[in-house]
Number of protein chains: 2
Amino acid sequence: MMQQESLEYFLDQLASSAPTPGGGSAAALCGALSAALSSMVANLTLGREKYRDVEPAIREALEQSERLRADFTQLINDDIAAYGALSAAYRLPKATPNEQAARSAQIQAALKGAAEAPLRIAEHARQALDLCRTLAEIGNLNVISDVGVAAIAAHAALESAELNVLINLKVIKDRALAEMLLQRLDAARAGAAPMTQDILAAAREKMDV
Amino acid sequence: MMQQESLEYFLDQLASSAPTPGGGSAAALCGALSAALSSMVANLTLGREKYRDVEPAIREALEQSERLRADFTQLINDDIAAYGALSAAYRLPKATPNEQAARSAQIQAALKGAAEAPLRIAEHARQALDLCRTLAEIGNLNVISDVGVAAIAAHAALESAELNVLINLKVIKDRALAEMLLQRLDAARAGAAPMTQDILAAAREKMDV
(Lines give C-alpha, C1' and ligand atoms only; values in the text may rest on other atoms or scores of the structure.)
Protein backbone atom coordinates (compact mmCIF):
# COMPACT_ATOMS: atom_id res chain seq x y z
CA MET A 1 0.00 0.00 0.00
CA MET A 2 1.45 3.31 -1.15
CA GLN A 3 0.54 5.16 2.08
CA GLN A 4 3.10 3.08 3.96
CA GLU A 5 5.88 4.28 1.66
CA SER A 6 7.83 7.46 2.37
CA LEU A 7 6.95 10.79 0.77
CA GLU A 8 10.33 10.63 -0.96
CA TYR A 9 9.61 7.19 -2.43
CA PHE A 10 6.19 8.29 -3.69
CA LEU A 11 7.69 11.41 -5.32
CA ASP A 12 10.55 9.37 -6.85
CA GLN A 13 8.07 6.93 -8.36
CA LEU A 14 5.85 9.75 -9.59
CA ALA A 15 8.84 11.44 -11.26
CA SER A 16 10.06 8.26 -12.94
CA SER A 17 9.04 7.01 -16.38
CA ALA A 18 7.24 4.04 -14.75
CA PRO A 19 3.54 4.01 -15.71
CA THR A 20 2.34 4.34 -12.10
CA PRO A 21 1.81 6.36 -10.00
CA GLY A 22 0.71 9.19 -12.30
CA GLY A 23 -1.58 12.20 -12.33
CA GLY A 24 -4.55 10.28 -10.90
CA SER A 25 -2.65 9.30 -7.76
CA ALA A 26 -1.34 12.85 -7.41
CA ALA A 27 -4.97 14.04 -7.57
CA ALA A 28 -5.97 11.57 -4.83
CA LEU A 29 -3.09 12.74 -2.63
CA CYS A 30 -4.22 16.36 -3.13
CA GLY A 31 -7.66 15.25 -1.95
CA ALA A 32 -6.11 13.56 1.09
CA LEU A 33 -4.25 16.80 1.90
CA SER A 34 -7.55 18.68 1.77
CA ALA A 35 -9.31 16.17 4.04
CA ALA A 36 -6.39 16.14 6.51
CA LEU A 37 -6.41 19.95 6.75
CA SER A 38 -10.18 19.89 7.32
CA SER A 39 -9.61 17.39 10.13
CA MET A 40 -6.96 19.69 11.61
CA VAL A 41 -9.37 22.63 11.55
CA ALA A 42 -12.08 20.51 13.18
CA ASN A 43 -9.64 19.21 15.81
CA LEU A 44 -8.62 22.80 16.62
CA THR A 45 -12.27 23.86 16.94
CA LEU A 46 -13.52 21.04 19.21
CA GLY A 47 -13.40 21.66 22.95
CA ARG A 48 -13.01 25.47 22.65
CA GLU A 49 -15.45 27.45 24.75
CA LYS A 50 -15.94 30.00 21.97
CA TYR A 51 -17.11 27.28 19.58
CA ARG A 52 -19.29 25.25 21.98
CA ASP A 53 -22.47 25.99 20.01
CA VAL A 54 -21.15 24.39 16.85
CA GLU A 55 -19.57 21.36 18.56
CA PRO A 56 -22.09 18.80 17.20
CA ALA A 57 -21.68 20.12 13.64
CA ILE A 58 -17.88 20.10 13.99
CA ARG A 59 -17.95 16.52 15.27
CA GLU A 60 -19.92 15.54 12.20
CA ALA A 61 -17.47 17.44 9.96
CA LEU A 62 -14.53 15.64 11.57
CA GLU A 63 -16.15 12.26 10.99
CA GLN A 64 -16.67 13.15 7.36
CA SER A 65 -13.14 14.53 6.85
CA GLU A 66 -11.58 11.43 8.39
CA ARG A 67 -13.73 9.18 6.22
CA LEU A 68 -12.74 11.20 3.14
CA ARG A 69 -9.07 11.03 4.13
CA ALA A 70 -9.25 7.22 4.37
CA ASP A 71 -11.08 7.05 1.04
CA PHE A 72 -8.56 9.29 -0.74
CA THR A 73 -5.71 7.20 0.66
CA GLN A 74 -7.36 4.10 -0.79
CA LEU A 75 -7.96 5.92 -4.08
CA ILE A 76 -4.20 6.55 -4.46
CA ASN A 77 -3.86 2.76 -4.59
CA ASP A 78 -6.99 2.21 -6.70
CA ASP A 79 -5.72 4.58 -9.38
CA ILE A 80 -2.34 2.83 -9.42
CA ALA A 81 -4.07 -0.57 -9.81
CA ALA A 82 -6.47 0.64 -12.50
CA TYR A 83 -3.85 2.46 -14.53
CA GLY A 84 -1.42 -0.44 -14.12
CA ALA A 85 -4.04 -2.79 -15.63
CA LEU A 86 -4.57 -0.42 -18.56
CA SER A 87 -0.85 -0.06 -19.12
CA ALA A 88 -0.46 -3.86 -19.10
CA ALA A 89 -3.31 -4.20 -21.62
CA TYR A 90 -1.59 -1.76 -24.00
CA ARG A 91 1.57 -3.89 -23.81
CA LEU A 92 -0.25 -7.08 -24.96
CA PRO A 93 0.96 -8.56 -28.27
CA LYS A 94 -0.78 -7.38 -31.43
CA ALA A 95 0.93 -9.39 -34.18
CA THR A 96 -2.12 -11.42 -35.34
CA PRO A 97 -5.79 -10.48 -35.81
CA ASN A 98 -6.64 -12.76 -32.84
CA GLU A 99 -4.08 -11.03 -30.64
CA GLN A 100 -5.33 -7.67 -31.81
CA ALA A 101 -8.93 -8.54 -30.90
CA ALA A 102 -7.93 -9.91 -27.47
CA ARG A 103 -5.76 -6.84 -26.79
CA SER A 104 -8.50 -4.47 -27.83
CA ALA A 105 -11.04 -6.20 -25.57
CA GLN A 106 -8.60 -6.10 -22.67
CA ILE A 107 -7.92 -2.38 -23.22
CA GLN A 108 -11.66 -1.61 -23.29
CA ALA A 109 -12.19 -3.52 -20.04
CA ALA A 110 -9.26 -1.75 -18.38
CA LEU A 111 -10.37 1.68 -19.58
CA LYS A 112 -13.52 1.41 -17.49
CA GLY A 113 -11.46 1.01 -14.34
CA ALA A 114 -9.04 3.71 -15.45
CA ALA A 115 -11.97 6.14 -15.81
CA GLU A 116 -13.81 4.96 -12.68
CA ALA A 117 -10.87 5.57 -10.30
CA PRO A 118 -10.37 9.28 -11.15
CA LEU A 119 -14.15 9.71 -11.30
CA ARG A 120 -14.39 8.54 -7.71
CA ILE A 121 -11.54 10.92 -6.83
CA ALA A 122 -13.55 13.76 -8.43
CA GLU A 123 -16.70 12.78 -6.52
CA HIS A 124 -14.82 12.65 -3.22
CA ALA A 125 -13.07 15.94 -4.00
CA ARG A 126 -16.48 17.56 -4.40
CA GLN A 127 -17.48 16.28 -0.97
CA ALA A 128 -14.20 17.60 0.47
CA LEU A 129 -14.92 21.00 -1.09
CA ASP A 130 -18.47 21.08 0.33
CA LEU A 131 -16.98 20.30 3.74
CA CYS A 132 -14.61 23.29 3.44
CA ARG A 133 -17.62 25.55 2.93
CA THR A 134 -19.05 24.36 6.23
CA LEU A 135 -15.72 24.80 8.05
CA ALA A 136 -15.25 28.30 6.57
CA GLU A 137 -18.56 29.20 8.22
CA ILE A 138 -18.22 27.57 11.64
CA GLY A 139 -14.58 26.52 12.13
CA ASN A 140 -11.95 28.14 14.39
CA LEU A 141 -11.11 31.55 12.91
CA ASN A 142 -7.45 31.21 13.94
CA VAL A 143 -6.98 28.52 11.29
CA ILE A 144 -9.18 29.98 8.56
CA SER A 145 -6.17 30.13 6.20
CA ASP A 146 -5.93 26.33 6.50
CA VAL A 147 -9.60 26.06 5.45
CA GLY A 148 -8.60 28.11 2.40
CA VAL A 149 -5.71 25.75 1.63
CA ALA A 150 -8.06 22.76 2.10
CA ALA A 151 -10.47 24.27 -0.44
CA ILE A 152 -7.67 24.95 -2.93
CA ALA A 153 -6.41 21.36 -2.56
CA ALA A 154 -9.92 19.89 -2.96
CA HIS A 155 -10.52 21.90 -6.12
CA ALA A 156 -7.08 20.94 -7.49
CA ALA A 157 -7.95 17.27 -6.83
CA LEU A 158 -11.27 17.70 -8.66
CA GLU A 159 -9.76 19.49 -11.69
CA SER A 160 -6.88 16.99 -11.91
CA ALA A 161 -9.18 13.99 -11.63
CA GLU A 162 -11.39 15.51 -14.33
CA LEU A 163 -8.52 15.49 -16.86
CA ASN A 164 -7.86 11.84 -16.06
CA VAL A 165 -11.51 10.88 -16.47
CA LEU A 166 -11.82 12.72 -19.80
CA ILE A 167 -8.69 11.23 -21.36
CA ASN A 168 -9.99 7.72 -20.66
CA LEU A 169 -13.64 8.41 -21.56
CA LYS A 170 -12.55 9.58 -25.00
CA VAL A 171 -11.37 6.11 -26.02
CA ILE A 172 -14.14 4.03 -24.38
CA LYS A 173 -16.11 2.43 -27.20
CA ASP A 174 -19.22 1.74 -25.07
CA ARG A 175 -20.70 5.21 -25.58
CA ALA A 176 -23.66 4.60 -23.24
CA LEU A 177 -21.23 3.85 -20.41
CA ALA A 178 -19.05 6.83 -21.35
CA GLU A 179 -22.11 9.09 -21.27
CA MET A 180 -23.10 7.79 -17.82
CA LEU A 181 -19.60 8.39 -16.45
CA LEU A 182 -19.59 11.88 -17.98
CA GLN A 183 -22.87 12.68 -16.22
CA ARG A 184 -21.33 11.69 -12.88
CA LEU A 185 -18.33 13.90 -13.65
CA ASP A 186 -20.60 16.82 -14.52
CA ALA A 187 -22.47 16.39 -11.22
CA ALA A 188 -19.19 16.41 -9.29
CA ARG A 189 -17.82 19.55 -10.94
CA ALA A 190 -21.05 21.59 -11.21
CA GLY A 191 -20.46 24.91 -9.49
CA ALA A 192 -17.17 23.78 -7.92
CA ALA A 193 -15.04 26.64 -9.30
CA PRO A 194 -17.28 29.48 -8.05
CA MET A 195 -17.73 27.65 -4.73
CA THR A 196 -13.94 27.52 -4.30
CA GLN A 197 -13.72 31.25 -5.07
CA ASP A 198 -16.49 31.96 -2.53
CA ILE A 199 -14.70 29.97 0.18
CA LEU A 200 -11.41 31.77 -0.56
CA ALA A 201 -13.13 35.17 -0.54
CA ALA A 202 -14.78 34.34 2.81
CA ALA A 203 -11.46 33.10 4.22
CA ARG A 204 -9.62 36.25 3.11
CA GLU A 205 -12.35 38.45 4.51
CA LYS A 206 -12.08 36.68 7.88
CA MET A 207 -8.25 36.87 7.68
CA ASP A 208 -8.66 40.57 6.85
CA VAL A 209 -6.08 40.37 4.04
CA MET B 1 13.24 15.04 7.72
CA MET B 2 9.57 14.72 6.81
CA GLN B 3 10.26 13.20 3.36
CA GLN B 4 11.55 10.04 5.04
CA GLU B 5 8.23 9.57 6.86
CA SER B 6 5.36 7.64 5.30
CA LEU B 7 2.51 9.36 3.47
CA GLU B 8 0.22 8.04 6.18
CA TYR B 9 2.34 9.58 8.97
CA PHE B 10 2.47 12.94 7.18
CA LEU B 11 -1.32 12.94 6.69
CA ASP B 12 -1.89 11.88 10.32
CA GLN B 13 0.29 14.74 11.56
CA LEU B 14 -1.39 17.19 9.19
CA ALA B 15 -4.83 16.11 10.45
CA SER B 16 -3.89 16.38 14.12
CA SER B 17 -4.22 19.46 16.32
CA ALA B 18 -0.39 19.70 16.56
CA PRO B 19 0.82 23.07 15.22
CA THR B 20 2.94 21.49 12.45
CA PRO B 21 2.76 20.45 9.70
CA GLY B 22 0.01 22.81 8.46
CA GLY B 23 -1.16 24.51 5.28
CA GLY B 24 2.33 25.72 4.34
CA SER B 25 3.75 22.20 4.26
CA ALA B 26 0.71 20.99 2.32
CA ALA B 27 1.42 23.76 -0.22
CA ALA B 28 5.06 22.65 -0.52
CA LEU B 29 3.97 19.04 -1.05
CA CYS B 30 1.59 20.18 -3.82
CA GLY B 31 4.57 21.92 -5.41
CA ALA B 32 6.62 18.72 -5.12
CA LEU B 33 3.79 16.78 -6.82
CA SER B 34 3.86 19.29 -9.69
CA ALA B 35 7.63 19.07 -10.09
CA ALA B 36 7.57 15.26 -9.93
CA LEU B 37 4.90 15.09 -12.66
CA SER B 38 6.95 17.47 -14.81
CA SER B 39 9.94 15.15 -14.34
CA MET B 40 7.77 12.19 -15.37
CA VAL B 41 6.69 13.98 -18.55
CA ALA B 42 10.30 14.90 -19.34
CA ASN B 43 11.46 11.33 -18.66
CA LEU B 44 8.75 10.02 -21.01
CA THR B 45 9.81 12.47 -23.73
CA LEU B 46 13.57 11.86 -23.67
CA GLY B 47 14.95 9.24 -26.06
CA ARG B 48 11.84 9.14 -28.28
CA GLU B 49 12.54 9.49 -31.98
CA LYS B 50 9.49 11.73 -32.44
CA TYR B 51 10.83 14.23 -29.90
CA ARG B 52 14.51 14.19 -30.91
CA ASP B 53 14.45 17.87 -31.94
CA VAL B 54 13.43 19.06 -28.48
CA GLU B 55 15.79 16.75 -26.55
CA PRO B 56 18.15 19.53 -25.35
CA ALA B 57 15.21 21.64 -24.12
CA ILE B 58 13.67 18.61 -22.39
CA ARG B 59 16.97 17.79 -20.68
CA GLU B 60 17.04 21.33 -19.35
CA ALA B 61 13.41 21.05 -18.22
CA LEU B 62 14.21 17.80 -16.39
CA GLU B 63 17.14 19.40 -14.59
CA GLN B 64 14.90 22.23 -13.50
CA SER B 65 12.01 19.99 -12.41
CA GLU B 66 14.35 17.80 -10.36
CA ARG B 67 15.90 20.86 -8.72
CA LEU B 68 12.41 22.21 -7.95
CA ARG B 69 11.37 18.84 -6.52
CA ALA B 70 14.38 18.83 -4.16
CA ASP B 71 13.66 22.45 -3.17
CA PHE B 72 9.96 21.78 -2.47
CA THR B 73 10.90 18.73 -0.38
CA GLN B 74 13.22 20.95 1.67
CA LEU B 75 10.50 23.61 1.92
CA ILE B 76 8.13 21.10 3.57
CA ASN B 77 10.70 20.96 6.39
CA ASP B 78 11.48 24.70 6.32
CA ASP B 79 7.81 25.56 6.79
CA ILE B 80 7.53 23.12 9.69
CA ALA B 81 10.64 24.66 11.35
CA ALA B 82 9.51 28.25 10.78
CA TYR B 83 5.96 27.69 11.95
CA GLY B 84 7.21 25.65 14.92
CA ALA B 85 9.38 28.60 15.99
CA LEU B 86 6.40 30.97 15.70
CA SER B 87 4.16 28.61 17.64
CA ALA B 88 6.83 28.34 20.40
CA ALA B 89 7.11 32.14 20.55
CA TYR B 90 3.34 32.48 21.05
CA ARG B 91 3.58 30.05 23.96
CA LEU B 92 6.20 32.17 25.83
CA PRO B 93 5.09 33.53 29.24
CA LYS B 94 3.45 36.95 29.26
CA ALA B 95 2.78 37.59 32.97
CA THR B 96 5.08 40.62 33.44
CA PRO B 97 5.84 43.63 31.19
CA ASN B 98 9.39 42.25 30.69
CA GLU B 99 8.03 38.87 29.64
CA GLN B 100 5.53 40.57 27.35
CA ALA B 101 8.28 42.58 25.64
CA ALA B 102 10.53 39.53 25.22
CA ARG B 103 7.62 37.46 23.87
CA SER B 104 6.59 40.18 21.45
CA ALA B 105 10.16 40.52 20.12
CA GLN B 106 10.41 36.75 19.71
CA ILE B 107 7.08 36.61 17.88
CA GLN B 108 8.15 39.39 15.50
CA ALA B 109 11.44 37.59 14.76
CA ALA B 110 9.63 34.28 14.16
CA LEU B 111 7.00 35.93 11.93
CA LYS B 112 9.67 36.83 9.39
CA GLY B 113 10.62 33.17 9.02
CA ALA B 114 6.96 32.12 9.00
CA ALA B 115 6.32 34.51 6.07
CA GLU B 116 9.60 33.74 4.25
CA ALA B 117 8.99 29.96 4.06
CA PRO B 118 5.61 30.16 2.24
CA LEU B 119 6.95 33.05 0.13
CA ARG B 120 9.72 30.79 -1.14
CA ILE B 121 7.10 28.09 -1.79
CA ALA B 122 5.13 30.63 -3.86
CA GLU B 123 8.24 31.67 -5.81
CA HIS B 124 9.14 28.05 -6.54
CA ALA B 125 5.51 27.28 -7.49
CA ARG B 126 5.67 30.05 -10.07
CA GLN B 127 8.80 28.46 -11.56
CA ALA B 128 7.04 25.07 -11.58
CA LEU B 129 4.10 26.65 -13.42
CA ASP B 130 6.38 28.29 -16.01
CA LEU B 131 7.97 24.89 -16.57
CA CYS B 132 4.53 23.34 -17.25
CA ARG B 133 3.99 25.89 -20.01
CA THR B 134 7.19 24.70 -21.70
CA LEU B 135 6.24 21.03 -21.31
CA ALA B 136 2.72 21.68 -22.65
CA GLU B 137 4.38 22.97 -25.82
CA ILE B 138 7.14 20.42 -26.38
CA GLY B 139 6.50 17.42 -24.10
CA ASN B 140 5.24 13.96 -25.10
CA LEU B 141 1.60 14.33 -26.20
CA ASN B 142 0.70 10.93 -24.69
CA VAL B 143 1.13 12.39 -21.19
CA ILE B 144 -0.30 15.84 -21.83
CA SER B 145 -2.97 15.24 -19.15
CA ASP B 146 -0.13 14.87 -16.63
CA VAL B 147 1.22 18.28 -17.70
CA GLY B 148 -2.27 19.61 -16.94
CA VAL B 149 -2.25 18.02 -13.47
CA ALA B 150 1.26 19.43 -12.88
CA ALA B 151 -0.02 22.92 -13.75
CA ILE B 152 -3.05 22.55 -11.46
CA ALA B 153 -0.81 21.39 -8.59
CA ALA B 154 1.69 24.25 -9.15
CA HIS B 155 -1.10 26.81 -9.10
CA ALA B 156 -2.65 25.22 -5.99
CA ALA B 157 0.77 25.43 -4.29
CA LEU B 158 1.05 29.10 -5.26
CA GLU B 159 -2.44 30.04 -4.09
CA SER B 160 -2.04 28.08 -0.83
CA ALA B 161 1.35 29.61 -0.10
CA GLU B 162 -0.11 33.05 -0.79
CA LEU B 163 -2.66 32.65 2.03
CA ASN B 164 0.12 31.64 4.41
CA VAL B 165 2.30 34.60 3.44
CA LEU B 166 -0.57 37.07 3.83
CA ILE B 167 -1.69 35.86 7.25
CA ASN B 168 1.84 36.34 8.61
CA LEU B 169 2.57 39.65 6.80
CA LYS B 170 -0.50 41.15 8.38
CA VAL B 171 1.00 41.00 11.90
CA ILE B 172 4.60 41.94 11.03
CA LYS B 173 5.27 45.31 12.63
CA ASP B 174 8.26 46.15 10.40
CA ARG B 175 6.12 47.56 7.59
CA ALA B 176 9.10 48.15 5.27
CA LEU B 177 9.96 44.45 5.47
CA ALA B 178 6.30 43.46 5.04
CA GLU B 179 6.08 45.67 1.94
CA MET B 180 9.21 44.05 0.46
CA LEU B 181 7.85 40.55 1.06
CA LEU B 182 4.52 41.57 -0.47
CA GLN B 183 6.30 42.78 -3.60
CA ARG B 184 7.99 39.39 -3.96
CA LEU B 185 4.61 37.69 -3.55
CA ASP B 186 3.06 39.96 -6.20
CA ALA B 187 5.87 39.08 -8.61
CA ALA B 188 5.32 35.35 -8.01
CA ARG B 189 1.57 35.47 -8.57
CA ALA B 190 1.42 38.01 -11.42
CA GLY B 191 -0.44 36.40 -14.30
CA ALA B 192 -0.33 32.92 -12.73
CA ALA B 193 -4.09 32.28 -12.87
CA PRO B 194 -4.53 33.07 -16.60
CA MET B 195 -1.32 31.16 -17.37
CA THR B 196 -2.76 28.09 -15.61
CA GLN B 197 -5.97 28.43 -17.61
CA ASP B 198 -3.95 28.74 -20.86
CA ILE B 199 -1.96 25.59 -20.07
CA LEU B 200 -5.16 23.67 -19.25
CA ALA B 201 -6.86 24.90 -22.42
CA ALA B 202 -3.82 23.86 -24.49
CA ALA B 203 -3.72 20.46 -22.74
CA ARG B 204 -7.43 19.86 -23.37
CA GLU B 205 -7.08 20.88 -27.00
CA LYS B 206 -4.24 18.42 -27.46
CA MET B 207 -6.21 15.75 -25.56
CA ASP B 208 -9.17 16.59 -27.83
CA VAL B 209 -11.63 16.60 -24.89
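At-a-glance table
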{"read-out": "Computed magnitude of the charge dipole of chain A (debye, nearest 20; Cβ of K, R +1, Cβ of D, E -1)", "value": "580 debye"}
{"read-out": "For A:ILE138, label point 7 Å along C-beta direction: distances to other copies, nm", "value": "5.3"}
{"read-out": "Segment B:85-168 - charge dipole about Cα centre, Lys and Arg +1 at Cβ, Asp and Glu -1, debye rounded to 20", "value": "460 debye"}
{"read-out": "Residues of type lysines that B:LYS50 reaches as a straight line, Cα spacing below 23 Å, ignoring anything fewer than 8 places off in the same chain", "value": "A:LYS94, B:LYS206"}
{"read-out": "The protein assembly as shown, helix-only ellipticity at 222 nm - DSSP H runs n ≥ 4, -39,500 (n - 2.57), divided by all residues, nearest 500", "value": "-28000 deg cm²/dmol"}
{"read-out": "Label-point separation in nm, B:ASP186 to B:GLU8, each point 7 Å along Cα→Cβ", "value": "4.8 nm"}
{"read-out": "Nearest residue to the symmetry axis between A and B, taken on chain A by its Cβ, in whole Å", "value": "A:ALA156, 2"}
{"read-out": "Tilt relative to chain B, helix B:175-189 - C-alpha long axis, 0 to 90 degrees, to 10", "value": "20 degrees"}
{"read-out": "Cα-projected label distance for B:ALA193 with A:GLU179, points at 7 Å along beta-carbon direction, nm", "value": "3.7 nm"}
{"read-out": "Mean-position separation - Cα centroids, segment B:13-61 and segment A:41-57, in angstrom", "value": "37 Å"}
{"read-out": "Loop-located trypsin sites (Lys or Arg not before Pro) in segment A:1-88, at most 13 other Cβ atoms within 10 Å (DSSP)", "value": "A:ARG48"}
{"read-out": "Buried accessible area, chains A and B (both chains, 1.4 Å probe, Å² to nearest 100)", "value": "4500 Å²"}
{"read-out": "Alpha-carbon spread of segment B:24-103, three principal axes, descending order, Å", "value": "73, 17, 10"}
{"read-out": "Highest-fluctuation residue, A:LEU33, A:LEU44, A:LEU92 considered, GNM on chain A with Cα pairs under 10 Å", "value": "A:LEU92"}
{"read-out": "Assigned charges on the beta-carbon of Lys, Arg, Asp, Glu; the protein assembly as shown dipole about Cα centre (debye)", "value": "180 debye"}
{"read-out": "Per residue, in Å², the accessible surface of segment A:40-126 once ligands and nucleic acids are set aside, probe 1.4 Å", "value": "51 Å²"}
{"read-out": "C-alpha long axis of helix B:23-43 to longest principal axis of chain B, angle in °", "value": "20 degrees"}
{"read-out": "Tilt relative to chain A, helix A:192-207 - C-alpha long axis, 0 to 90 degrees, to 10", "value": "30 degrees"}
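The values are calculated or read from the model by the stated rules, or taken from the named source; none is laboratory data. Please read all numbers here as calculations on a predicted model, not as lab measurements. Here the Cβ is made from the backbone with ideal geometry for all residues, glycine too, and neighbour counts use every protein chain on show. To get the accessible areas, we keep the full protein, side chains included, count just its heavy atoms, and leave off ligands, DNA and RNA. Shrake-Rupley method; radii C 1.70, N 1.55, O 1.52, S 1.80 Å.
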